[in-house]
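Below is one structure, written out as structure tokens; the observations come after it.
What follows is calculated from the coordinates using simple rules that are stated; it is not laboratory data. Owing to the predicted nature of the structure, the values given are computational and were not obtained by experimental measurement. Cβ sites come from the backbone with ideal geometry, for glycine too, and all protein chains shown count toward neighbours.
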Amino acid sequence: MAAVDTTQIFKTDIFNGKILLCSGGGSGICRGMTEAMVRHGAKAVIISRNFEKLQKAAEEMSKATNGEVFPIQADVRKPEDLEKAVAKTIEKYGHIDFLINGAAGNFLAPFDSLSYNAFRTVIEIDLLGSYNLTKAALQHLRASNGAIINVSATLHYTGTIFQQHAGAAKAGIDALTKHWAVELGPSGVRVNGIAPGPIASTEGLSRLAGDMLDPEQIPIQRVGEVQDIAQTTVFLFSQGASYITGQTIVVDGGHYLQTSSPAYPQSVLAGVPDSKL
Ligand code: COA
Ligand code: NAP
């Protein structure tokens, strides 16, 4: 994975002494979010099912950042795994300041080929998994006046074909972001979401779009990078965002707004001056 580095934009020491717990931090977007946080002084615990993959990612990130990333195997569908992961994190580091709920599963599936179990599986990983990990870590986030980022998507803003399972899960996650912001704000915990658009070189993009995404379909005229999500992560966890809670920030170069624009027929466009952008 390409290196993620936000130290040209934010000060390098802003998360010194802070501990991040991140589900899904062994690959893709959440690995980039983790790496960025560690470059700014945080220590990180990453959790997912595949320990070998996690361990390799932790070693690579620790080396690249000269920081500390620690892997713990856990399935976010199993609260007992998460209770153990949180206990191990506390035993090792003493506190948890930041939580990223990023673990997710997805695939394209038309309604007729989406089984009962397939729908349930995605809801269990994305939505219940986010609830489970937050529940397990909550007392520690309260104790540190911590902050949470839930990783969402834009699928449900428009109703994306073959994506009802992931869209429903992410819509639920967006709801949790708001409910938690209101309920946990008084005890000092901020809760926000990041909704990435299509992000280059990720499992999610290859599953949903292959390599077929045309940058010209995106108003900013390029496909998103993990770095774009990392920058937003550092901002949302920083003091710069201390008055922001309950918001899901779309980081997609305008992609979902563009896809929800009407496709005007040529016959109509022919009568519109300068209609070719
Ligand atoms: N299309 C339709 N159904 C699918 C599917 C696909 N491409 N892939 C899996 N399923 C179904 C399975 O057939 C099964 O349903 P069934 O019991 O009725 O046959 C159900 O989903 C669960 O599959 P299983 O492989 O047992 O689940 P798992 O817990 O081992 O894995 C997944 C979870 C399916 C989400 C798997 O793709 C995964 O681990 N993904 C993680 C990585 C990822 O998706 N990254 C992108 C994030 S955006
Ligand atoms: P990814 O690399 O596949 O990340 C998903 C991670 O979740 C993996 O590290 C996986 O690790 C972990 N995971 C899956 N099931 C788990 C479970 N049951 N318990 C614990 N961990 C589990 O995919 P990505 O594309 O970077 O996606 C990261 C996040 O961004 C997801 O929330 C996704 O929905 C969101 N997103 C991505 C895009 C995109 O373009 N890629 C767009 C919008 C939103 P293991 O296999 O080791 O468990």
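Key figures for this structure:
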| read-out | value |
| --- | --- |
| Enumeration of residues in region 248-272 that are in contact (Cβ under 8 Å) with a residue 40 or more places away in the chain and of a type in the set (S, T, N, Q) | 248, 258, 259, 260 |
| Unmet requirement for residue 127, which otherwise passes all of (1) within 29 Å of residue 112 (Cα to Cα); (2) of a type outside the set (Phe, Trp, Tyr); (3) in a loop (DSSP other than H, G, I, E, B); (4) in contact with a helix residue (DSSP H, G or I) (Cβ under 6 Å, 6 or more places away or on another chain) | (3) |
| Candidates 82, 20 - the one that is touching a strand residue (DSSP E or B) at 6+ places or on another chain (Cβ under 7 Å), aliphatic (A, V, I, L, M) and within 22 Å of residue 132 (Cα to Cα) | 20 |
| Residue in region 225-244 that is surrounded by fewer than 16 Cβ atoms within 10 Å (Cβ to Cβ) and farther than 30 Å from residue 142 by Cα present | no |
| Members of region 61-77 found to be surrounded by 15 or more Cβ atoms within 10 Å (Cβ to Cβ) and either of a type in the set (Lys, Arg) or away from ligand 2 (no atom under 14 Å from the Cβ) (or both), listed by number | 62, 64, 65, 67, 68, 70, 77 |
| Qualifying positions in region 197-215 - exposed (fewer than 15 other Cβ atoms within 10 Å of the Cβ) and among the aliphatic types (A, V, I, L, M) | 209, 212 |
| Helices (runs of 4 or more DSSP H) contained entirely in region 146-259, each with at least 1 residues that are more than 13 Å from ligand 2 (Cβ to nearest atom) and either under 20 Å from residue 6 (Cβ atoms) or of a type in the set (A, V, I, L, M) (or both) | 164-184, 226-237, 255-259 |
| Out of 218, 194, sole residue that is surrounded by 12 or more Cβ atoms within 10 Å (Cβ to Cβ), in contact with a His (Cβ under 8 Å, 6 or more places away or on another chain) and in contact (Cβ under 8 Å) with a residue 12 or more places away in the chain | 218 |
| Matching residues, region 88-130, being away from ligand 2 (no atom under 15 Å from the Cβ), of a type in the set (D, E, K, R) and crowded, with 17+ Cβ neighbours inside 10 Å | 97 |
| Members of region 36-57 found to be closer than 14 Å to residue 98 by Cβ, in contact (Cβ under 8 Å) with a residue 40 or more places away in the chain and touching a strand residue (DSSP E or B) at 6+ places or on another chain (Cβ under 9 Å), listed by number | 37, 42, 43, 45, 47 |
| Only listed residue being within 16 Å of ligand 1 (Cβ to nearest atom) and free of Cβ contacts under 8 Å to residues at least 60 places away in the same chain, chosen from 213, 208 | 213 |
| Complete set of residues in region 137-150 that are out of contact with any Ser or Thr (no Cβ under 9 Å at 6 or more places or on another chain) and surrounded by 24 or more Cβ atoms within 10 Å (Cβ to Cβ) | 146 |
| Complete set of residues in region 151-161 that are surrounded by fewer than 24 Cβ atoms within 10 Å (Cβ to Cβ) and either closer than 15 Å to residue 102 by Cβ or touching a Ser or Thr at 6+ places or on another chain (Cβ under 9 Å) (or both) | 154, 157, 158, 160 |
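One line per residue, one yes/no per condition, for (1) among the polar types (S, T, N, Q); (2) at positive phi; (3) in contact with a Phe, Trp or Tyr (Cβ under 7 Å, 6 or more places away or on another chain):
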{"site": "210", "(1), (2), (3)": "no, yes, no"}
{"site": "217", "(1), (2), (3)": "yes, no, no"}
{"site": "221", "(1), (2), (3)": "yes, yes, no"}
{"site": "234", "(1), (2), (3)": "no, no, yes"}
{"site": "247", "(1), (2), (3)": "yes, no, no"}
